[in-house]
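Shown next, in structure tokens, is the structure this report addresses.
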Amino acid sequence: MGMLEAILLTVFTAATPLLIAAMGELVAERSGVLNLGVEGMMIMGAIAGFAFAQMSGNPYIGALGGMAVGALFSLLFAFLALTLVTNQVATGLALTILGLGLSGLWGEAFVGIPGVKLQPVVIPLLSDIPLIGRLFFAQDALFYVSIALVFAVSWFLFKTKAGLTLRSVGDNHHSAHALGINVMRVRYLAVMFGGACAGLAGSHLSLVYTTQWIENMSAGRGWIALALVVFASWRPWRILFGAYLFGAITIMQLHIQALNLGDVEFLPGPIYGILSLLKSIPAQFLSSLPYLATIVVLVLISRNRRLTLINTPAMLGQGFVPDR
Amino acid sequence: MKKVLGIVAAFGIALSASTAYAAMDKVKACFIYVGSIGDFGWSYQHDQGRLAVEEALGDKVETAYLESVPEGADAERAIERFARSGCNIIFTTSFGYMDATNKVAGKFPDVKFEHATGYKREHPNVSTYNSRFHEGRYVQGQIAAKMSSSGVAGYIASFPIPEVVMGINAFTLGAQSVNPDFKLKVVWANTWFDPGKEADAAKALIDQGADIITQHTDSTAPMQVAAERGVKAFGQASDMINFGKETQLTAIIDDWGPYYVERVKAVLEGTWEQVDVWAGMKEGHVVMAPYTNMPDDVKAMAEETQAKITSGEFDPYTGPVKKQDGSDWLAEGEVADAGVLLGMNFYVAGVDDQLPQ
């Protein structure tokens, strides 16, 4: 069981930042704002998390700092894309590029310093359950936050009035405006929530995943989080599924590469067969699977008109200029 | 004093103008890095080389660099931009810049190009240079075989190019010279730099029984994972001891400084010629970080091997060596041909992996 536990633990660590960042982006997109700056906000969160943890000596302050900087950074996007109604795609891309550059500048002093690790929070008794205990009840705080986020966002979006308001803004901002909803305020808050989540996900990278700061350390995870939102067709629980699927694919392909088929001959025939089949697939192909899966889902949902209409925020990426 | 200097400088200019070959007063040396200079690995070491040039040549040189330039279309634009902006010599420091470097070199015959780790020199103004990193890998393999209790080491590889394959093979040969049954597990990360993925690869290898981690990727993340899990590891490209004070056994340090100084000086003096340099421990291009966290006898063995390689008495690729498929490659006492090594696309016997094609 030791091996399975070890693999799953690594999968959980790989999935957590994707899940947090994607939950934030989901809320922003549900309000009709397409913010492609996730990668930039994430890397800002990574350096902020590292810097605050380093200066205070407390990784929790680091994580809060990452969140705050992510939210502040997203305000820049909100001001440009919402108030000045610039093109959201271009503004989001610019935010990513700015974030990568700015974090490098800020982080120069922190390169090459071993960081402060966010230690696991072990829940007594529950963590003693075999396998499950170690996986679910002896994790770092950000793991618990990520799972709580799924429940919270799901409940907020579909069970509360505020969630309904947010979705209505995303589906038709003119009607929402006509009903007296403050479209701008809703969108500003949604974008900032997205920024805070991306920042928190970033601080997971520099405080848990690899406890250090290196320029560009997000290495494309922000883009995977964006792809996840589409992959999940804007549903929170599907994001949870997708994040763990993407995480599992990344980790499993590494394990399969390291695996010696000779060592697992004792396994039952079908399992051995699957392993040897997986072993024959080039690693490069497996690395690109998350993106391929997203494209396949895009093709599928674009074929199903009804499904698309239900879940895609109709105003996604469109600026709102009140007519009066 | 200032005046005197001015006169001397003026005299210098007059002198150099009258010399027969095209010596220059000031040279602009430009560098293109694939990673960031803060990676504490590959690109960091190249930048240390650049700083060595500045220090050695003082105000006779002006340097510039571009970091995190992706291999591919962007590289060509970056190199061309440098060529247009008055660079006299451009160092392109990653394998993937090979075609871009040669393409731009064709357009700018007056600019000198130096491409690291490649093999194409399509124009007279393109040189290639590389280091015999595998010499260090052989030493590491020997140490790994002595230090490992599971008899399995994990190797985090980047891309299946000759450079990387050569390192894996040398490590294996070194380990087998100590323990003929030693196993090496290889994981291809398919990236030069992704701390998260490199860390995941290290975890996967440790979970599958490796108790020594070595890497041919650029970040310090694997070292950190090894430290957390309590296994030993080797640093890559630069000394990573800060990330594993009780973990790092040694590291291969790429010292590009001497070569960069020599080449920029050659441009300054007008004596630059196309070369294909492949230097190792002997020339000081490959330096080993202090041997730490190991017993004295292992350290003595490593030092002895290093001395033999440095003096030229021993070459890591000396027969008898079999290929992975069992066929003979090098006969007893035969030393591998440089051309074969630089195009290496096969494993030696004992590597527990299938080489991606």
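When you filter the trypsin sites (Lys or Arg not before Pro) in region B:75-141 for DSSP loop state and at most 13 other Cβ atoms inside 10 Å of their Cβ, you are left with B:Lys120. P(r) tail for region B:99-149, what percent of Cα pairs lie past 15 Å? So the pairs more than 15 Å apart make up 56 percent of the total in region B:99-149. In region B:250-357, taking the dipole from charged Cβ atoms about the Cα centre, the farthest positive-side position among B:Tyr260, B:Pro356, B:Met344 is held by B:Tyr260.
Taking region B:271-357, which trypsin sites (Lys or Arg not before Pro) meet the DSSP loop condition and have no more than 13 other C-beta atoms within 10 Å?
For trypsin sites (Lys or Arg not before Pro) across region B:271-357 that sit outside H, G, I, E and B with at most 13 neighbouring Cβ atoms in 10 Å, the list reads B:Lys282.
Quick check: the angle from helix B:73-84's long axis to the longest principal axis of chain B, C-alpha only, nearest 10 degrees? Once rounded, the angle reads 30 degrees. Globularity index of region A:142-270 is 1.42 (Cα radius of gyration / 2.2 N^0.38 Å, N = number of residues).
Let's see if you can work this out: charge +1 on each Lys and Arg Cβ, -1 on each Asp and Glu Cβ, no other charges. What is the dipole magnitude of region A:2-222 about its Cα centre, in debye to the nearest 20?
It comes to approximately 540 debye.
Legend: mean number of C-beta atoms from other chains within 10 angstrom of residue C-beta atoms, peptide A:199-212, equals 3. To the nearest 0.05, what FRET efficiency results for B:Ala300 and A:Ala109 with a Förster distance of 30 Å applied to their C-beta separation? My answer for the efficiency is 0.15.
Based on Cα contacts under 8 Å between residues 6+ apart, chain A shows a relative contact order of 34 percent. Pairs of Cα atoms nearer than 8 Å and 6+ residues apart set the relative contact order; for chain B it is 18 percent. Neighbouring Cβ atoms from other chains, within 10 Å of the Cβ of residues in B:206-212, number 4 on average. For trypsin sites (Lys or Arg not before Pro), the sites in region B:151-257 that DSSP calls loop and that have at most 13 other Cβ atoms within 10 Å are B:Lys245. Farthest toward the positive end of the dipole of region A:2-222, out of A:Ile47, A:Ile123, A:Gly107, is the Cα of A:Ile123, where the dipole comes from beta carbon charges about the Cα centre.
Taking the Cα centre of chain B as origin, work out the dipole magnitude from +1 charges on Lys and Arg Cβ and -1 charges on Asp and Glu Cβ, in debye rounded to 20.
Working: 31 positive and 48 negative charges, 167 e Å.
Dipole about the Cα centre, nearest 20: 800 debye.
Dipole size of region B:298-357 about its Cα centre, with +1 on Lys/Arg Cβ and -1 on Asp/Glu Cβ: approximately 100 debye, rounded to the nearest 20. Would you be so kind as to identify which of A:Gly170, A:Met192, A:Gly92 lies farthest towards the positive end of the dipole of region A:2-222, taking Lys and Arg as +1 and Asp and Glu as -1 on Cβ and the Cα centre as origin? Working it through, the farthest residue towards the positive pole turns out to be A:Gly170. The mean number of partner chain beta-carbon atoms within 10 angstrom of a residue's beta-carbon across peptide B:214-227 is 2. Can you give the angle from 0 to 90° between the axis of helix B:257-269 and the longest principal axis of chain B, with both taken from C-alpha atoms, to the nearest 10? Tilt relative to chain B: about 20 degrees. Pair-distance distribution of chain B: all C-alpha pairs, bin width 10 Å, starting at 0; shares per bin in whole percent are 5, 24, 31, 22, 11, 4, 1, 0.
The mean of 1/r over all distinct Cα pairs in the protein assembly as shown, once inverted, gives the Kirkwood hydrodynamic radius of 27.1 Å. Quick check on region A:29-145: take the gyration tensor over C-alpha atoms, sort the square-rooted eigenvalues as a ≥ b ≥ c, and tell me if it's rounded (a/c under 1.5), prolate or oblate. In terms of gyration-tensor shape, oblate. For chain A, the longest principal axis of the Cα atoms and the long axis of helix A:88-107 meet at an angle of about 60 degrees.
Give me the base-10 log of I(q)/I(0) for region A:2-222 at each q in 0.08, 0.12 Å⁻¹, Debye formula, one uniform scatterer per Cα, rounded to two decimals. The Cα Debye sum returns log10 ratios of -0.30, -0.64.
Every number in this text was worked out from the coordinates using simple rules, so none of it is lab data. Not measured: the values here are computed from a predicted model. Methodologically, a virtual Cβ is constructed for each residue, glycine included, from the backbone with ideal geometry; neighbour enumeration extends over all protein chains shown.
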